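S.K.: The structure is given below, and queries will be raised subsequently.
What follows is calculated from the coordinates using simple rules that are stated; it is not laboratory data. From a predicted model like this one, the values you see are computed outputs, not experimental measurements. No Cβ is skipped: glycine too gets one built from the backbone with ideal geometry, and neighbour counts run over all protein chains shown.
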Amino acid sequence: MSLLFPLGLLAVAAWLLPLLIHLARRHPYTPVDFAALRWLRARIRPRQRIRFDDWPLLLVRLLLLAALALLLARPALTGPEPAPAAWTVVAPGLDAAALRSTEDLRNWHWLAPGFPPIGQPAPPGDASLPSLLRELDAQLPTGTALTVYVPDPLPGLDGARLQLSRPVQWRPQPLATRTSQAVPAPPRLRVKSDAPAAAQHWLTALQRAWGAQPLAAPLSADALPEPGETGVWSSADPLPTTWQAWVDQGGSILSRAAHPAGARLLLRDAQGAPLLWEQRSGRGHVLYLPGEWDAGRTLALRDDHLPRQLLQALQPPASPRLGDALDQAPQRASLPPTVPPARELAPWLMLVILLLFALERWMASSARRRRPA
């Protein structure tokens, strides 16, 4: 225990007040004359000593003042708090009853939004389990032991390794079926009908390098690509207003025009020269591949790695959503040491003060009743 305001103990000096009151309010002694004593010549002065009447009442008043002084000094406990009850969470989809029969009954909850008790019906398992574990780790008090039952493979991965502030007993439970991740279809290119033949020939080869589907039919003069398609602007002129508006609504375009200021460089050719830029606009983006789109004259277009690099730029690979649960065991986050907050004892001291005050009032009123009228 420590004192947050040690100067408050100076209030103990108020002890002098009840001492003086008890000395001043002693019962007066009335002198009585005896006839046989007045003839004595020796005058023996009676010895006087300090005596306190009602010393139990004085003691209670001193304790009351001491408690008030201690309240002003703000005593607090600074040690670590007792470890809370351990938590066990089970991911929806697992047999909680079978898992619970293998261990003692503790604080069991579903690994779902709100973390309902395990006795409630199993909630749907459409939430991200790593995100829920991060939320639970932030809510639990420091020192709470945590046991986690998750399915194997683990769904809902978000691309970041799970890091928690406490050690976790990680217990994957194999599932009979494994969910395969859907592979997105490669983008389908749509070029304008007035594109040069050499550019159309290279774009056809690029489309076939991504998959078996051929190049889509060319667009008419004023037409725009369909939703989900990738427009191709094979002219060196800037994008027209209609195409720019289509990009702002979420479209993707591969353009031969010069990249604008502020575009981000994505790719260099084999010689290290800048080759591909990206410009975000609204909800979409434009990839700028300036130069002549003729594979016979441009060496960079004949690079075997270019189709895959363009595909990754147009369609970045999504973070894996399914992985081996054992490999996704949480890591202990390196957090700075935290000092546990001081727990003040003011409420308990206030209770003691109220009890002492009530006792003092009762004893004081009883003492007045005992005095003769």
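S.K.: Report the extension gain between Met350 and Gln312 in nm, rounded to one decimal, defined as 0.36 nm multiplied by the number of residues separating them, less their alpha carbon distance.
M.R.: 6.9 nm
S.K.: Give, in whole angstrom and from largest to smallest, the semi-axes √(5λ) of the equivalent ellipsoid of region 189-314, with λ running over the eigenvalues of the Cα gyration tensor.
M.R.: For region 189-314, the semi-axes come out at 20, 18, 14 Å.
S.K.: Tell me, what is the FRET efficiency for Leu63 and Gln139 to the nearest 0.05, using R0 = 45 angstrom and their Cβ-Cβ distance as r?
M.R.: That pair, Leu63 with Gln139, gives E of 0.60.
S.K.: With +1 on each Lys and Arg Cβ and -1 on each Asp and Glu Cβ, and nothing else charged, work out how big the dipole of region 112-268 is about its Cα centre, in Debye to the nearest 20.
M.R.: 520
S.K.: Still on this structure, I have one more. Taking only the C-alpha atoms, wrap a convex hull around region 115-249 and report its volume per residue in Å³ as a whole number.
M.R.: In region 115-249, the Cα convex hull volume per residue is 215 Å³.
S.K.: Name the long-range amide H neighbours of Ala325: under 5 Å, sequence gap of 5 or more, or other chain; modelled H, no Pro or chain starts.
M.R.: HN-HN under 5 Å from Ala325: Leu154.
S.K.: Still on this model: Sorted by packing (mean other beta-carbon atoms within 10 Å per residue), highest first, where do 323-331, 188-196 land?
M.R.: The packing order, highest mean first, is 188-196, 323-331.
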